[in-house]
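This report refers to the structure that appears directly beneath it.
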Amino acid sequence: MDLTPYVDNLRQELAAAADAGGDDARALAERLTAPLESAARLTLLNALSAAMSEVTRELAPGSVDVRLRGLDPEFVVTAPPAPEPFREAQEPVTEPAAPAPPPPPADADDGAMARINLRLPAHLKARAENAAAAEGLSVNAWLVRAVSTALDSGERASPPGRGKDKGSRGFTGWVR
């Protein structure tokens, strides 16, 4: 997105306002336009970032990020992952897909956002940040998507060493 037309428009409006004040005001406005250009760009970027944060909250687990390329922002849209129907391994391919899940109960969340404090070990936080960056997402959007995927998959995490993997090694018994 090119911000130059918006910054130029602001410069023209400032010049028009200064014309009403005479030669001294016009000279002052000309001296102020160069430093104001970077402030105007920064203000526009802050407004766009805030707007895209609101859009991301509505799209979760999808997201819209604002990235700076040179002097201009660009928007990166990450669509939510398409849900895959859950099928048993023994189920023949010719069977129709499972029926759609029932609608949420009347007292279910209406999509409003809630804040949660999540404490992660430093090494896990770094891994989450790296994974989010690799997918072009904010850490928050990546975590929302990860939690949503984990809950929608229908599987529950089992304690380490007790999963479905038959090759996992575990020890039981008494030690002296």
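Key figures
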read-out	value
Scope the range 30-64; condition under 21 Å from residue 12 (Cβ atoms) and either open to solvent by 70 Å² or more (accessible area, probe 1.4 Å) or among the small types (Gly, Ala, Ser) (or both); matching residues	30, 31, 32, 34, 35, 36, 38, 39, 40, 42, 43, 47
Residues being under 14 Å from residue 139 (Cα atoms) and not in a loop (DSSP other than H, G, I, E, B) - total across the range 55-64	4
Residue selected from the range 131-176 under the condition exposed (fewer than 10 other Cβ atoms within 10 Å of the Cβ) and either in a helix (DSSP H, G or I) or of a type in the set (Val, Ile, Thr) (or both), by the criterion modelled with the lowest pLDDT	175
Where residue 67 falls short, out of the listed (1) open to solvent by less than 40 Å² (accessible area, probe 1.4 Å); (2) outside any helix (DSSP H, G or I)	(1)
Close pairs (9 angstrom Cβ cut-off, 6 or more residues apart or separate chains): under 18 Å from residue 51 (Cβ atoms) and at pLDDT 80 or above in the range 61-87, small (Gly, Ala, Ser) and assigned to a strand (DSSP E or B) anywhere	76/63; 77/63; 78/63
Within the range 105-130, considering residues that are surrounded by 10 or more Cβ atoms within 10 Å (Cβ to Cβ) and of a type in the set (Lys, Arg), the one modelled with the lowest pLDDT	125
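The values are calculated or read from the model by the stated rules, or taken from the named source; none is laboratory data. Values in this document were obtained by computation on a predicted structure and should not be read as measured data. Every residue, glycine among them, receives a Cβ derived from its backbone with ideal geometry; neighbour counts consider all protein chains shown. Surface accessibility is based on the protein's heavy atoms, side chains included, excluding ligands, DNA and RNA. Shrake-Rupley method; radii C 1.70, N 1.55, O 1.52, S 1.80 Å.
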